[in-house]
């Protein structure tokens, strides 16, 4: 699991993996950890971060994309969240679309709507316990976005940023929204988000946490071919 900053940790992802009996370790390239080679991992999770994905001053970003491309080619489970979704898209040949300081990004709780393909997706589809239909509040914190890689299945959109979720193959998913949000992460994010005029609290946050937990359980079940997290 690749983490890029102290305040954007694994959140609910760690619990979903643990519940399925899957061992994981956190790699911090921002602190000098070496990004593993694709052949050295059984699956990859790439978390969010404040950096721009194509920043050439940060060489390990390119190393992450090499890892992601290799993992997808090998058919390994892959999950990219926020920056991680942008990295996954770029690793598969898509373009990063960088938002400037004057860009109206998405910060806080934002309605995300499933596409037709998303409603049928085994991770996100309502039939499988993922996102509600037609929309649900998800936690966002970004300005940048991306085009879709060739062959990707477009799964979800928001009003301002159409590429909120995509799938490549059967086990590689990118989520622009923070599917990993839990109460502990929300507590860490509240102060900077309050300064931005965002209130990250209340029933809609509880809904986003519950939805994220269900999505992650479904992702683990699909990624492992098992039955973990098929209900609830």
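The values are calculated or read from the model by the stated rules, or taken from the named source; none is laboratory data. Because the structure is predicted, anything quoted here is derived from the model rather than measured. Positions of Cβ are backbone-derived with ideal geometry, glycine not excepted, and every protein chain shown enters the neighbour counts.
With the structure loaded, tell me whether residue 105 is farther than 20 Å from residue 182 by Cβ and at pLDDT 85 or above or whether it fails that test.
Working: farther than 20 Å from residue 182 by Cβ: yes; at pLDDT 85 or above: no.
So residue 105 fails the test.
From the list 10, 29, 36, which one is more than 28 Å from residue 190 (Cβ to Cβ), in contact with a strand residue (DSSP E or B) (Cβ under 8 Å, 6 or more places away or on another chain) and surrounded by 12 or more Cβ atoms within 10 Å (Cβ to Cβ)?
On the way: 10 fails: more than 28 Å from residue 190 (Cβ to Cβ); 29 fails: more than 28 Å from residue 190 (Cβ to Cβ).
When all the criteria are applied, what remains is 36.
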**Fill in**
Being more than 14 Å from the chain's Cα centre (by Cα) and at positive phi narrows 75, 42 down to just 75
**Asked** Looking only at residues in segment 27-39 that are assigned to a helix (DSSP H, G or I) and at pLDDT 95 or above, which one is farthest from residue 71 (Cα to Cα)?
**Response** 31
**Message:** I'd like to verify a number: residues in segment 64-77 that are within 26 Å of residue 107 (Cβ to Cβ) and buried (at least 24 other Cβ atoms within 10 Å of the Cβ), how many?
**Reply:** 2
**Message:** Among (1) more than 23 Å from residue 167 (Cβ to Cβ); (2) assigned to a helix (DSSP H, G or I); (3) within 16 Å of the chain's Cα centre (by Cα), there is one condition residue 50 misses while meeting the rest; what is its number?
**Reply:** (2)
**Request:** Give the residue, chosen from 48, 43, 118, that is under 15 Å from residue 174 (Cβ atoms), buried (at least 23 other Cβ atoms within 10 Å of the Cβ) and touching a helix residue (DSSP H, G or I) at 6+ places or on another chain (Cβ under 8 Å).
**Result:** 48
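Considering each residue of segment 63-85, count those that are within 21 Å of residue 225 (Cα to Cα), outside any loop (DSSP other than H, G, I, E, B) and out of contact with any strand residue (DSSP E or B) (no Cβ under 7 Å at 6 or more places or on another chain), and give that number. Can you show your working first?
First, pick out the residues of segment 63-85 that are within 21 Å of residue 225 (Cα to Cα): 68, 70-80.
Now drop any that are not outside any loop (DSSP other than H, G, I, E, B), which leaves 68, 70-73, 78-80.
When the remaining residues are screened for being out of contact with any strand residue (DSSP E or B) (no Cβ under 7 Å at 6 or more places or on another chain), the result is 70, 73.
Of the residues in segment 63-85, 2 are within 21 Å of residue 225 (Cα to Cα), outside any loop (DSSP other than H, G, I, E, B) and out of contact with any strand residue (DSSP E or B) (no Cβ under 7 Å at 6 or more places or on another chain).
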